[in-house]
Amino acid sequence: MADVTTPVLRTEPVVSKREAQQSSTERRLFLSPALILVGLVTQIAFLATIYISMLSWNLVRPDQGIHFVGLSNYSSMLSSSTFMTALINTLVLTVGVLVAGMVIGLLLALLLNRSFPLRPLVRTLLITPFFVMPVATAEIWRNMLLNPVYGLIAWLLQQVGMTPPDVLGSQPLLGVGIMLTWEWFPFFMLILLGGLQSLPEDLIEAAHIDGAGPFAVFRHITIPHLQRYIAVSTLFGLIYLLGVFGEIFVGTQGGPGDASTNLPFLIYRTAFNDWDVGAASALAVIAVLITIVIATGFNRVLLRMTGYGEAQ
């Protein structure tokens, strides 16, 4: 008679709702010291900025004293044409550099994803602009490349009989955008290259076997696969580019006039040229709120595009 063995059923331990809540509470307790420290370091300064933004405080007019004015600094800043110009310049510069940097980074990532001689050397040379400090970037482009008298680009144009333009004088926002694009395309390139190298080769081979051409593979396989990498790099680039200061301070000083003034440089100019600490603090609070709104809205759009938003 054959032996009949009864299969042993293994059951996972059942975790009650109370135990799960207790475990979650314990995790929060372990994280609380770090969260408290970060909150003290960041939020105390921000709360102090909000308080100063409600004061009339001019450093070169001590005779006027320091007194509370409520939201007057906010209303005067929001209604000024200089603020609107700086806001538009900030948005134009951010969107332009994001698009240009992403396109250049994607093209170079596609190039570096192929095998060719000296690829490690080329990759190393292409990422070097990202490690150059903003002030050094502005100095290089202002004096060595874009200078209309003795710059490299001016010399090359003169060799072919063309008159070199004064980019930083006539189109300062374009000049700053060129600096930032040169500085930031390696960031996009590296993230997108990592995404390309994680793309399964058998998927591409199957598409080629089915008769898909290079453009069809790029459109229906490569781009959907890179969506999450594009989302991450764009979000980080957006947050940084909204706060660009060094390139404008060294490259154009916000001029001519207000042609290349963005919000961070307007804050600096209000604080250290006009010596109006209250108005500068109000501008800083407005800039932070604008950055939070744009970054949060952009993040939600990206979550929906990549599919993460549906799972949450």
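The values are calculated or read from the model by the stated rules, or taken from the named source; none is laboratory data. Keep in mind that this is a model prediction, so the values were computed, not measured. FYI the Cβ positions are ideal-geometry reconstructions off the backbone, even for glycines, and counts take in every protein chain you see. Only protein heavy atoms, including side chains, enter the accessible area calculation; ligands, DNA and RNA are left aside. Shrake-Rupley method; radii C 1.70, N 1.55, O 1.52, S 1.80 Å.
So between TRP155 and ALA212, what do we pick up on full extension, going 0.36 nm a residue minus the alpha carbon distance?
Working it through step by step, the gained length comes to 15.9 nm.
Comparing ASN89, ASN143, ASN73, which has the greatest mean-square fluctuation in the GNM of the chain with Cα pairs linked when under 10 Å apart?
ASN143
Quote the FRET efficiency, to the nearest 0.05, computed for LEU31 versus PHE245 with a Förster distance R0 of 30 Å and r equal to the Cβ-Cβ distance.
Once rounded, the FRET efficiency stands at 0.40.
For TRP141, TRP182, what's the largest-to-smallest order of accessible area, 1.4 Å probe?
The ordering from most to least exposed comes out as TRP182, TRP141.
Over the stretch 188-312, give the accessible area per residue in Å² for a 1.4 Å probe, as an integer.
Counting only protein heavy atoms, the per-residue value for the stretch 188-312 is 51 Å².
Would you compute, from DSSP H runs of 4+ residues alone, the mean residue ellipticity of the chain at 222 nm, taking -39500 (n - 2.57) per run and dividing by the full residue count, rounded to the nearest 500?
-21500 deg cm²/dmol
Relative to the longest principal axis of the chain, what angle (0 to 90°, nearest 10) does the C-alpha long axis of helix 277-306 take?
Helix 277-306 sits at roughly 30 degrees to that axis.
Using a/c under 1.5 as the rounded threshold, could you call the chain rounded, prolate or oblate? The axes a ≥ b ≥ c are square roots of the C-alpha gyration tensor eigenvalues, and prolate needs a/b larger than b/c, oblate otherwise.
Judged from the Cα gyration tensor, the chain comes out oblate (a/c at least 1.5, b/c at or above a/b).
Please calculate how many Å² of accessible area the stretch 67-135 carries per residue, with a 1.4 Å probe and no DNA, RNA or ligand atoms counted.
About 59 Å² of surface per residue is accessible.
Ignoring ligands, DNA and RNA, what percent of the 1.4 Å accessible area of the chain is carbon and sulfur?
The computed percentage sits at 68.
Where does each of ASP276, ASP202 land when they are ordered by accessible area, with a 1.4 Å probe and the largest first?
So the residues, ranked largest to smallest area, are ASP202, ASP276.
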